[in-house]
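The structure under discussion appears below in the form of structure tokens.
The values are calculated or read from the model by the stated rules, or taken from the named source; none is laboratory data. Every value quoted in this text rests on a predicted model; they were computed, and no experiment measured them. Positions of Cβ are generated from backbone atoms using ideal geometry, with glycine treated the same way; all protein chains shown enter the neighbour counts.
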Amino acid sequence: KNEVEQSPQNLTAQEGEFITINCSYSVGISALHWLQQHPGGGIVSLFMLSSGKKKHGRLIATINIQEKHSSLHITASHPRDSAVYICAVSPSGSARQLTFGSGTQLTVLP
Amino acid sequence: DSGVTQTPKHLITATGQRVTLRCSPRSGDLSVYWYQQSLDQGLQFLIQYYNGEERAKGNILERFSAQQFPDLHSELNLSSLELGDSALYFCASSVGSYNEQFFGPGTRLTVL
């Protein structure tokens, strides 16, 4: 079993829909990261969080440390949000070493 | 633009060869990380340097080595290349070891 599990693997939405991507992990962590990988391959760091909730524009990330679960929400989705979203964790004691989920391929249709 | 640069963007080589990938971190960042992304394994952490010293090692093969130079740029050396080494190699940098990481555009390595 992978230490970091994401769901769904693939997600297709209509423009304007509210989107949720989930991430569950099985180890103690010092931080959780949400990354976005564009079709061209580049990776952008969206959030790094260790508790609570963070918001940036139309993106919201939440984490529940007790339940070992995080969600990434996209409000008013747009075709330019189409990308792979990757959850990664910094395990406690090896915060430098990210462990990655397999990613969620999001396609937003106009 | 993250401020992290990687060269070259693409590299095509043959089995058994040796290549060097280069990374320049964001100005002010002391930590450099190397990651490999392959179709079957996904993203994997290879190695981290902080201010010239190796700080953490992940799933890095013995055929691979890295170093960080006094000007903080880093190089990843891959030798005795095999077909399975074909992948995207990303470099990331951060201020310290426990901060948000910023990723470079990656080097796509194809081993024929």
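Name the strands (runs of 3 or more DSSP E) wholly inside region A:1-62 in which the number of residues that are touching a residue at least 24 places away in the same chain (Cβ under 8 Å) is 2 or more. First the steps, then the outcome.
Numbers: elements: A:4-7, A:10-14, A:19-25, A:29-37, A:43-49, A:52-56.
Where strands (runs of 3 or more DSSP E) fall fully within region A:1-62 and carry at least 2 residues being touching a residue at least 24 places away in the same chain (Cβ under 8 Å), they are A:4-7, A:10-14, A:19-25, A:29-37, A:43-49.
Looking only at region B:1-35, how many residues end up being more than 14 Å from chain A (Cβ to nearest Cβ), β-branched (V, I, T) and under 24 Å from A:H38 (Cβ atoms)?
Number of matching residues: 2.
In the list B:S74, B:S94, which residue meets the criterion of being under 20 Å from A:I43 (Cβ atoms) and free of Cβ contacts under 8 Å to residues at least 60 places away in the same chain?
Only one candidate passes the filter, namely B:S74.
Residues that are modelled with pLDDT of 95 or more and away from chain B (no Cβ under 14 Å): does region A:33-40 have at least one?
no
Pick from B:S65, B:S93: which is out of contact with any Gly (no Cβ under 7 Å at 6 or more places or on another chain), farther than 24 Å from A:Q36 by Cα, of a type outside the set (A, V, I, L, M) and not in a loop (DSSP other than H, G, I, E, B)?
Every option except B:S65 fails the conditions.
Quick check on B:G106: is it buried (at least 16 other Cβ atoms within 10 Å of the Cβ), within 14 Å of another protein chain (Cβ to nearest Cβ) and on the phi > 0 side of the Ramachandran plot?
yes
Which condition breaks for B:I47 when tested against (1) part of a loop (DSSP other than H, G, I, E, B); (2) within 10 Å of another protein chain (Cβ to nearest Cβ); (3) not charged (D, E, K, R)?
All conditions pass for B:I47, except number (1).
Exactly one of (1) in a loop (DSSP other than H, G, I, E, B); (2) in contact (Cβ under 8 Å) with a residue 60 or more places away in the chain; (3) within 26 Å of A:Q105 (Cα to Cα) is unmet by B:G28. Its number?
Among (1) in a loop (DSSP other than H, G, I, E, B); (2) in contact (Cβ under 8 Å) with a residue 60 or more places away in the chain; (3) within 26 Å of A:Q105 (Cα to Cα), the lone unmet condition for B:G28 is (3).
Just need a number here: residues in region A:63-100 that are part of a strand (DSSP E or B) and either within 11 Å of chain B (Cβ to nearest Cβ) or in contact (Cβ under 8 Å) with a residue 12 or more places away in the chain (or both).
The number of residues fulfilling the criteria is 18.
Residues checked against (1) outside any loop (DSSP other than H, G, I, E, B); (2) within 16 Å of B:S94 (Cβ to Cβ); (3) basic (K, R); (4) modelled with pLDDT under 95:
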site: B:D1; (1), (2), (3), (4): no, no, no, yes
site: B:T15; (1), (2), (3), (4): no, no, no, no
site: B:L21; (1), (2), (3), (4): yes, no, no, no
site: B:A56; (1), (2), (3), (4): yes, yes, no, yes
site: B:I60; (1), (2), (3), (4): no, no, no, yes
site: B:P70; (1), (2), (3), (4): no, no, no, no
